[in-house]
1. Report the label-to-label distance for residue 27 and residue 49 in nanometres (one decimal), using points 7 Å from each Cα along the Cα→Cβ vector.
2. Determine by what factor the alpha-carbon radius of gyration of the chain differs from 2.2 N^0.38 Å, reporting the quotient.
3. Could you work out how much longer the chain between residue 7 and residue 58 gets when fully extended? Use 0.36 nm per residue separation minus the Cα distance between them, nm to one decimal.
4. Hey, for a label at residue 17 modelled as a point 7 Å past Cα toward Cβ, could you say which residues of the stretch 31-49 have their backbone N under 15 Å away?
5. Largest first and to the nearest Å, give the Cα extent of the stretch 1-55 along each principal axis.
Ligand code: FES
């Protein structure tokens, strides 16, 4: 198990640095997971706030809905990872 659903804020997300994954919940009950390696130069992303996944290395921001870059130097989306949500438990698919 990666996380419990209750650990992922609605409209936000959680960076699991050890697993290299960021899990987001853009809408209630809808969970997404992405690689936490920034597609600009490979820094690990730092946090999730105001609807974006943020890399502090050079300021790239990615959408919590689909991982697409919304500002900063990154040009490609964070790769999505398959998730399995079973009850309150979130695992990689
Ligand atoms: S490595 Fe993330 S913005 Fe440059």
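1. Going from the residue 27 label point to the residue 49 one covers 2.7 nm.
2. So the chain has a normalised radius of gyration of 0.97.
3. Computed gain between residue 7 and residue 58 is 15.6 nm.
4. 36-38, 43-48
5. Sorted largest first, the three principal extents are 32, 25, 13 Å.
Where a number appears in this text, it was derived from the coordinates with a stated rule and is not lab data. Owing to the predicted nature of the structure, the values given are computational and were not obtained by experimental measurement. Cβ atoms come from the backbone with ideal geometry, glycine included; neighbour counts cover every protein chain shown.
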